[in-house]
1. Here is a list: Gly79, Gly99. Which entry is modelled with pLDDT of 95 or more, part of a loop (DSSP other than H, G, I, E, B) and more than 20 Å from Phe52 (Cβ to Cβ)?
2. Which of the residues belonging to the stretch 67-79 are in contact (Cβ under 8 Å) with a residue 60 or more places away in the chain and surrounded by fewer than 13 Cβ atoms within 10 Å (Cβ to Cβ)?
3. For the stretch 80-125, give me each residue that is at positive phi and surrounded by 15 or more Cβ atoms within 10 Å (Cβ to Cβ).
4. If you check every pair at least six apart or on different chains, which have Cβ atoms under 6 Å apart with a residue in the stretch 7-27 that is on the phi > 0 side of the Ramachandran plot first and a residue that is not in a strand (DSSP E or B) and not β-branched (Val, Ile, Thr) second?
5. Check off (1) free of Cβ contacts under 8 Å to residues at least 60 places away in the same chain; (2) on the phi < 0 side of the Ramachandran plot; (3) surrounded by fewer than 11 Cβ atoms within 10 Å (Cβ to Cβ) for Ser54 and give me the number that stays unchecked.
6. List the residue pairs whose Cβ atoms are under 8 Å apart, where the first residue sits in the stretch 92-120 and is over 20 Å from Tyr43 (Cα atoms), the second is acidic (Asp, Glu) and part of a loop (DSSP other than H, G, I, E, B), and the two are 6 or more positions apart or on different chains.
7. Kindly indicate the residue of the stretch 10-26 that is more than 16 Å from the chain's Cα centre (by Cα) and of a type outside the set (A, V, I, L, M, F, W, C) and also surrounded by the fewest Cβ atoms within 10 Å (Cβ to Cβ) among those meeting that condition.
8. Spot the failing condition for Arg33; the list is (1) surrounded by 13 or more Cβ atoms within 10 Å (Cβ to Cβ); (2) under 23 Å from Met72 (Cβ atoms), and only one is missed.
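The values are calculated or read from the model by the stated rules, or taken from the named source; none is laboratory data. Everything numeric here is computed off the predicted structure, so don't read it as measured data. Reconstructed Cβ throughout: ideal geometry from the backbone, glycine too, with neighbour counts over all protein chains shown.
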Amino acid sequence: MSFTKVVLFTDRDGRARWRDETIALGEGTPQARLSALFPSGGYQLRESPVGFRSQWHCTPSPQWVFIVRGEMEIGLRDGGTRRFRPGEHFFSADTLPPGAAFDADLHGHWSAQRGSEPLVTLFVRA
């Protein structure tokens, strides 16, 4: 058994990309499979109103993003977008490359609320 970890990351060229990683669910019982225990650095809840859209930005530090209510869309420099709905997640590790100064024409992603209700997200720092 395994869990698919959807990862937003900074590639070698400095651009944000998506990839899937597999996390083994090798602990627990047959009725409740668990992964290994991972450390965390706290969590935050956020509510974004209908119509919210961020500027281009990088994630300040790697964190899990869980969609609690509403819909979230993430846009990348290549023009691609991806939507997340309640119960879905991604691991945001789109951090600024070491030693780089933020370049709004190269780095990062944007996020936006979509749909008719406010977006509620849970951020869990890695």
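1. Details: Gly99 fails: modelled with pLDDT of 95 or more.
Only one candidate qualifies: Gly79.
2. Taking the stretch 67-79 and keeping what is in contact (Cβ under 8 Å) with a residue 60 or more places away in the chain, we get 74, 76-78.
Scanning the stretch 67-79 gives a single hit, Asp78.
3. Our first condition is that a residue be at positive phi; within the stretch 80-125, this holds for 87, 99, 108, 115.
Correct list: Gly108 only.
4. So the pair list comes out as Gly14/Pro97; Gly14/Leu106; Gly14/His107.
5. Checking Ser54 against (1) free of Cβ contacts under 8 Å to residues at least 60 places away in the same chain; (2) on the phi < 0 side of the Ramachandran plot; (3) surrounded by fewer than 11 Cβ atoms within 10 Å (Cβ to Cβ), the one that fails is (3).
6. Gly108/Asp94; His109/Asp94
7. Arg12
8. All conditions are met except number (2).
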